[in-house]
Each structure stands twice: as structure tokens, then as C-alpha cells.
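Structure first, then comments.
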Amino acid sequence: MATAVYSLHEVRTHKTPDDAWVVVDGNIYNVTKFARLHPGGRKILLDYAGTDASKEFNYFHNRRVLEKYHKKLFIGHLQEDLEKKARRRDRQRPEHQNQATTTNENPRYYGEMVPYGDSTWYQGWRSPYYNHSHHKFRVAMRTFVEQELVPNSSKWVENQEVP
């Protein structure tokens with residue numbers, strides 16, 4: 001049986017909750033039904049629907065994830081010339097981009113976007129347990145750290161003092 005080949009233009013048309021495709025390493029996956037089961041939440045998966053999410057996927061997932069779901073979700077390959085460009089681009093990536101820094105380039109989010117690693121409010125999830133008192137406490141803690149700890153931390157390190 002021949003494997004289907006799609007252009008990136010075709011993949012970009014599949015970016016709705018009812019029809020979501022994602023490209024990872026030149027393979028195209030239909031994640032429409034899987035989105036509701038995604039451990040990191042449906043929202044993050046649908047935000048990358050219709051795109052080549054190879055960089056983001058490989059940053060957060062082990063290769064075994066693809067092995068586990070490949071057979072169920074795989075629908076085809078990206079055109080060969082686009083695969084070659086992607087491999088060439090990955091080989092030319094500067095080493096400093098592989099460091100564990102904030103990799104999220106999407107301004108709608110804050111943090112590293114690690115499922116269950118960051119607070120859920122970072123990722124736009126709503127929780128009945130995270131209410132106004134939590135928000136006030138977070139603001140108070142941030143203010144305390146920025147006003148009391150950060151300005152004095154270098155002095156404490158230099159003097160080898162414990163506050």
C-alpha cells in the first residue's frame with residue numbers, strides 16, 4: 001500500500017478541533033481524536049495543528065511516544081523536498097538553541113509549557129481550584145521576591161551569608 005504524500009500547504013488547512021493534523025519529523029499525524037486524550041491537554045495540541053511541530057514535539061517527548069502512536073495516528077509524509085529542507089535546517093541549528101532555556105516562542109503562553117511541570121494557569125487551563133486568593137498570593141510572593149530577595153541575593157553570595 002502506497003503512503004500518502006501531502007504538501008505543507010495541505011497540512012495547514014487541517015487546523016480545527018474537528019480536523020487537526022500535525023507534522024513531526026516529516027510524518028503527518030491526524031490528532032483530531034487523540035487531542036482529547038493528550039496528557040498535556042487538548043489546547044496545546046490544537047495550537048500546533050496544521051503546522052510542523054517537530055521542534056516542539058522533540059523537545060518535550062521521547063522517541064518512544066511516536067513509536068507507540070505512529071500506527072494509529074500516521075496518515076502520510078510531507079513532500080520529500082520539504083523533508084530535506086527540514087533535515088538541513090536541523091543540522092545547521094546553533095548549539096546554544098539546544099540548551100534548556102525558555103523555548104516557547106508563542107507570546108500567548110508563559111513558562112516552558114511542560115505538561116504538569118508548569119502551573120496550569122501558565123498554559124491557559126482553567127481550574128476550579130485556582131481562584132482569586134491564589135492569584136493574590138502569587139502576586140504577593142512575586143512582589144516579595146522581587147523587592148526583598150533579588151536585590152540582596154548578590155550581596156549575600158559575595159559575603160557568603162545566609163539571610
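The values are calculated or read from the model by the stated rules, or taken from the named source; none is laboratory data. Just so we're clear, the structure is a prediction, and the values are computed from it rather than from any experiment. Virtual Cβ from ideal backbone geometry, glycine too; neighbours counted across all protein chains shown. These area figures cover heavy atoms from the full protein model, side chains too; ligands, DNA and RNA do not enter into them. Shrake-Rupley method; radii C 1.70, N 1.55, O 1.52, S 1.80 Å.
Write out, first by first residue and then by second, each pair whose Cβ atoms fall under 8 Å of each other, whose residues are 6+ apart or on separate chains, and whose first residue, in the stretch 1-26, is under 18 Å from H38 (Cβ atoms) while the second is of a type outside the set (F, W, Y) and open to solvent by 70 Å² or more (accessible area, probe 1.4 Å).
Taking only residues 6 or more apart or on different chains, the pairs are P17/R42; W21/K15.
Looking only at the stretch 4-26, which residues are polar (S, T, N, Q) and modelled with pLDDT under 90?
S7
Does R88 count as open to solvent by less than 70 Å² (accessible area, probe 1.4 Å), modelled with pLDDT of 65 or more, over 25 Å from D47 (Cα atoms) and part of a helix (DSSP H, G or I)?
The answer is no for R88.
Got at least one residue in the stretch 135-147 being at pLDDT below 65, among the aromatic types (F, W, Y) and open to solvent by 50 Å² or more (accessible area, probe 1.4 Å)?
Going residue by residue through the stretch 135-147, those that are at pLDDT below 65 are none.
No, because not a single residue in the stretch 135-147 is at pLDDT below 65, among the aromatic types (F, W, Y) and open to solvent by 50 Å² or more (accessible area, probe 1.4 Å).
For the subset of the stretch 21-35 comprising residues that are under 16 Å from the mean Cα position of the chain (by Cα) and either under 22 Å from S7 (Cβ atoms) or hydroxyl-bearing (S, T, Y) (or both), which member is most open to solvent (accessible area, probe 1.4 Å)?
D25
Scan the stretch 36-72 for residues that are aliphatic (A, V, I, L, M) and surrounded by fewer than 18 Cβ atoms within 10 Å (Cβ to Cβ) and jot them down.
At the first step, the residues of the stretch 36-72 found to be aliphatic (A, V, I, L, M) are 37, 44-46, 49, 53, 65-66.
Across the stretch 36-72, the qualifying residues are L37, V65, L66.
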